[in-house]
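Trainee: One structure, as structure tokens, below. Some questions next.
The values are calculated or read from the model by the stated rules, or taken from the named source; none is laboratory data. Everything numeric here is computed off the predicted structure, so don't read it as measured data. Positions of Cβ are generated from backbone atoms using ideal geometry, with glycine treated the same way; all protein chains shown enter the neighbour counts. For accessibility, only protein heavy atoms count, side chains too; no ligands or nucleic acids. Shrake-Rupley method; radii C 1.70, N 1.55, O 1.52, S 1.80 Å.
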Amino acid sequence: MSKRILIIEDSVDIRENTAELLELSGFTVETASDGLEGVRLARSWNPDLVICDIMMPNLDGFGVLQVFSSQTELSSIPFIFLTAKTDRADMRKGMEMGADDYLTKPFQEVELLKAIEARLKKSKTQTPVLESVSDLKAVHEALAFLDLTTWTGEKKTQTHAKKQVIYAEGDHPIRLYYLAKGKVKTYHTNKDGKYFITSFIQEGEFFGFVDILENQAYRESAEALEESQIISVSAVDFKQRLKENIHLEVFFRKALTSYLLKNEKLLVEMAYQSLRMRVAMVLVELAETYGSNTSEPLIIKLSREDLASRVGTATESVIRTLSDFKKEGYLDVKGGEMTLKNIEGLAKLKY
């Protein structure tokens, strides 16, 4: 069965030409001439993907995306902006609101077809995850768009020992980092010298890009949790790549937004959840970050101090909670290792 694509575009020529191109490519197509008509059609027709102009009468593209984002039956539909505007501020706004891609008119036919293929493929392969800490799968896919194997600029590959600092809070970011092997944590230190772990980095993930994009000093430090191999490239080269490729900037802006939303959600949950729930949330986060299958037991090597700093509590409180979880059959603790035996159970804790 062919995929169904909805085109929302007020220009008759562009709407009809794009529809013809997609129909010749094997898609089933419906069209709408403005945002309100597009939303009504999307609700009744349930398309597999939407291509939407920004500047339209009655309801513009941003308004259409807002409606999609607020309604469960529409929120998972891949959404591509198609517009003649090249203002990067508009592009960033769209990406921050949840658009999946952004094409500027006039566009090449192959460019549109590749964007559609990529969005449909991503939508097909996505599977529901445990309802705990926000996952970063979308971010990982976005960052994979920057292929270091074809990188023509200056590049370094270094091995960092366990507990070695990769970059420090307050430094000016001069490199973009990629974790080829190992584990890395990022953390923020307050004025009293206490630290809070802000994220765990997994293999195949870029890090240090947030402050490069925001053009500011590092707000956190990065440290190897175990011996790690890290590839880094010049921040200047990276920013030049963004200028040259609007799709690359789209991906990294979405990664930035996902990172900020994830941490905002985590901080809110940490403020209002019980200690048991907070410890469980972090354990599930570790399973999602470092495990290949959340239904199977996972061995984690993480100090109680690091676990406590992610949870935001005293080390003694974490130790007591882990002891309770052990008695309840959620995990085993042996020396510096934790074996998570029932990750789904931890994710579903209610108190």
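Trainee: In the stretch 117-172, what count of residues is obtained for those that are at pLDDT 75 or above and either in a loop (DSSP other than H, G, I, E, B) or of a type in the set (Phe, Trp, Tyr) (or both)?
Mentor: If we filter the stretch 117-172 for residues that are at pLDDT 75 or above, which is where we start, we get 117-121, 148-172.
Of the ones still in play, those that are also either in a loop (DSSP other than H, G, I, E, B) or of a type in the set (Phe, Trp, Tyr) (or both) are 151-154, 161-164, 167-172.
Residues in the stretch 117-172 being at pLDDT 75 or above and either in a loop (DSSP other than H, G, I, E, B) or of a type in the set (Phe, Trp, Tyr) (or both): 14 in total.
Trainee: Is at least one residue of the stretch 270-278 open to solvent by 30 Å² or more (accessible area, probe 1.4 Å), of a type outside the set (A, V, I, L, M, F, W, C) and at positive phi?
Mentor: Among the residues of the stretch 270-278, not one is open to solvent by 30 Å² or more (accessible area, probe 1.4 Å), of a type outside the set (A, V, I, L, M, F, W, C) and at positive phi, which makes the answer no.
Trainee: Of (1) touching a residue at least 40 places away in the same chain (Cβ under 8 Å); (2) more than 18 Å from residue 249 (Cα to Cα); (3) open to solvent by less than 30 Å² (accessible area, probe 1.4 Å); (4) part of a strand (DSSP E or B), residue 233 satisfies all except one. Which?
Mentor: (2)
Trainee: Can you name every residue in the stretch 305-324 that is open to solvent by less than 40 Å² (accessible area, probe 1.4 Å) and closer than 12 Å to residue 282 by Cβ? Steps first, answer last, please.
Mentor: Narrowing the stretch 305-324 to residues open to solvent by less than 40 Å² (accessible area, probe 1.4 Å): 306-311, 315, 317-318, 321-322.
Correct list: 306, 307, 308, 309, 310, 311, 318, 321, 322.
Trainee: Scan the stretch 173-180 and tell me whether some residue there is at pLDDT 90 or above, surrounded by fewer than 20 Cβ atoms within 10 Å (Cβ to Cβ) and closer than 30 Å to residue 24 by Cα.
Mentor: Within the stretch 173-180 (the criterion being at pLDDT 90 or above, surrounded by fewer than 20 Cβ atoms within 10 Å (Cβ to Cβ) and closer than 30 Å to residue 24 by Cα), the answer is no, since none of the residues qualifies.
Trainee: Counting only residues that are at pLDDT 90 or above and either out of contact with any Phe, Trp or Tyr (no Cβ under 9 Å at 6 or more places or on another chain) or farther than 16 Å from residue 301 by Cα (or both), how many does the stretch 326-337 have?
Mentor: 6
Trainee: Please enumerate the residues belonging to the stretch 200-220 that are under 19 Å from residue 146 (Cβ atoms), touching a residue at least 60 places away in the same chain (Cβ under 8 Å) and either touching an Asp or Glu at 6+ places or on another chain (Cβ under 8 Å) or in a loop (DSSP other than H, G, I, E, B) (or both).
Mentor: Matches in the stretch 200-220: 202, 204.
Trainee: Note down all Cβ pairs under 6 Å where the first residue falls in the stretch 303-329 and is without any contact (Cβ under 8 Å) to a residue 12 or more places away in the chain, the second is not in a helix (DSSP H, G or I), and they're at least six residues apart or on different chains.
Mentor: 326/333
Trainee: Restricting attention to the stretch 35-61, report how many residues are part of a loop (DSSP other than H, G, I, E, B) and either open to solvent by less than 20 Å² (accessible area, probe 1.4 Å) or more than 19 Å from residue 11 (Cβ to Cβ) (or both). Talk me through it step by step, then tell me what you get.
Mentor: Just the residues of the stretch 35-61 that are part of a loop (DSSP other than H, G, I, E, B), to begin with: 46-48, 53-60.
Narrowing the set further to residues that are either open to solvent by less than 20 Å² (accessible area, probe 1.4 Å) or more than 19 Å from residue 11 (Cβ to Cβ) (or both) leaves 46-48, 53-54.
The number of residues fulfilling the criteria is 5.
Trainee: Inspect all residues belonging to the stretch 254-270 and state whether any of them is out of contact with any helix residue (DSSP H, G or I) (no Cβ under 9 Å at 6 or more places or on another chain) and part of a loop (DSSP other than H, G, I, E, B).
Mentor: Start the filter on the stretch 254-270 by keeping residues that are out of contact with any helix residue (DSSP H, G or I) (no Cβ under 9 Å at 6 or more places or on another chain), which leaves 261, 263-265, 267-268.
From what's left, part of a loop (DSSP other than H, G, I, E, B): none.
So far as the stretch 254-270 goes, no, none of its residues is out of contact with any helix residue (DSSP H, G or I) (no Cβ under 9 Å at 6 or more places or on another chain) and part of a loop (DSSP other than H, G, I, E, B).
Trainee: Looking at this structure, is residue 22 part of a helix (DSSP H, G or I), surrounded by 18 or more Cβ atoms within 10 Å (Cβ to Cβ) and of a type in the set (A, V, I, L, M, F, W, C)?
Mentor: Yes: the conditions hold for residue 22.
Trainee: Please work out if residue 64 is touching a residue at least 40 places away in the same chain (Cβ under 8 Å) and in a helix (DSSP H, G or I). Quick ask: steps written out before the conclusion?
Mentor: On the way: touching a residue at least 40 places away in the same chain (Cβ under 8 Å): yes; in a helix (DSSP H, G or I): yes.
For residue 64, the condition - touching a residue at least 40 places away in the same chain (Cβ under 8 Å) and in a helix (DSSP H, G or I) - is met.
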